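Heads up: the structure comes next, in structure tokens.
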Amino acid sequence: MQHDLTLAMLSWRQPRTLKHSLESYQRQGLLDMAKEKLIFFNECTGEDRRIAEKYGFTVLQAKRNIGIAKPFQELIKAASGRYFLFLENDFMLVEDEATCEQELQAAMAAVETDIACVRLRHQHHYGDPNYWLLKVWEGRKSAEQANLNATYLFNEPDLEYDEIERVEHLNRTFFVADSGIANFTNNPCLYRTEFLREHFLQREFTEFDNLETNIEPWWQAAGLRIAQGRGLFKHHPLEVSGSGFAQHKRIKHSIKHWSHYLIRIGYKRRVINLFLLQFLPMLIKANINLGNKVMVNLSLGRYESE
């Protein structure tokens, strides 16, 4: 079913990753659910344009890399849908068409209430790196302090924190918290387009501004209600761009980053996160391409491959 939805994407220097993500959107029906599909390319190439047009996207572009903030604004300006789903090119869709439809309808219903934003990164198949979890495991953050990101750690975070509540929209469950404990993110999120026009277009960004850190002070103090449900998208880049993700190369070295080997086991409402196989790539001399095509991700017993 088509909705009054703008699918707005941002891409830079990752054609194979982009194609992989778009294939998942097409296979699971997301492309048919949006009345409008926009994509902004930093340093747009002919290959970028060919990929985007193959999947029915209108192309916006910059000749050089101008960051995330200014393209985000350009996508908002160009959007005609009532709802705005923002995606970077390395988030693949990991739910089937029926679940995607249900989750999107519920998210759109949610932002018609007092909820400003629905996060759509998957609660269980979130991919890597997940920086909040990484900081918790390394002791740089405490899971005892309420944070909406705890939906990645607990199946029912509302039972762990008084500051997080459970709400239902169209028979789908969402966990909701104040924006003071739910940071602004450029991970997959759905908004009303009018909300973004009101709060983002009047801001002046340079190409050097970080969207998340620039918005965060206002976001923290704004008292917005932010929701996280089951989610739909997994962070799954197949290439390393010139971005900060280069620090998390996928088997570029003989030992793959340990957070790639998470097994999530439900236990007493908690999700016990274990890491293992840290040295397996070194022992079997795993090839980087093989490592990207076959992810060792057994979250909820689900196996995924390219």
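Annotations
- Each residue in region 8-21 was checked for being out of contact with any helix residue (DSSP H, G or I) (no Cβ under 7 Å at 6 or more places or on another chain) and not aromatic (Phe, Trp, Tyr), and 7 of them qualify.
- Just one of the listed residues (Ala146, Ala150) is at negative phi, buried (at least 16 other Cβ atoms within 10 Å of the Cβ), without any contact (Cβ under 8 Å) to a residue 40 or more places away in the chain and outside any loop (DSSP other than H, G, I, E, B), namely Ala150.
- Of all residues in region 56-87, those satisfying the criterion of being surrounded by fewer than 17 Cβ atoms within 10 Å (Cβ to Cβ) and of a type outside the set (Val, Ile, Thr) are Gly56, Lys63, Arg64, Asn65, Lys77, Ala78, Ser80, Arg82.
- Test: residue in region 108-123 that is out of contact with any strand residue (DSSP E or B) (no Cβ under 9 Å at 6 or more places or on another chain) and of a type outside the set (Gly, Ala, Ser): no
- Among the residues listed as Tyr161, Tyr152, Tyr131, Tyr126, the single one being touching a His at 6+ places or on another chain (Cβ under 7 Å) and of a type outside the set (Gly, Ala, Ser): Tyr126
- Meets criteria (of a type outside the set (Ser, Thr, Tyr) and either over 21 Å from Gln105 (Cα atoms) or in a helix (DSSP H, G or I) (or both)) for Leu10: yes
Read the figures in this text as sums done on the coordinates, not as results from a lab. Quantities reported herein were computed from a predicted structural model and do not represent experimental measurements. Heads up, the Cβs are rebuilt from the backbone with ideal geometry, glycines too, and the neighbour counts pull from every protein chain shown.
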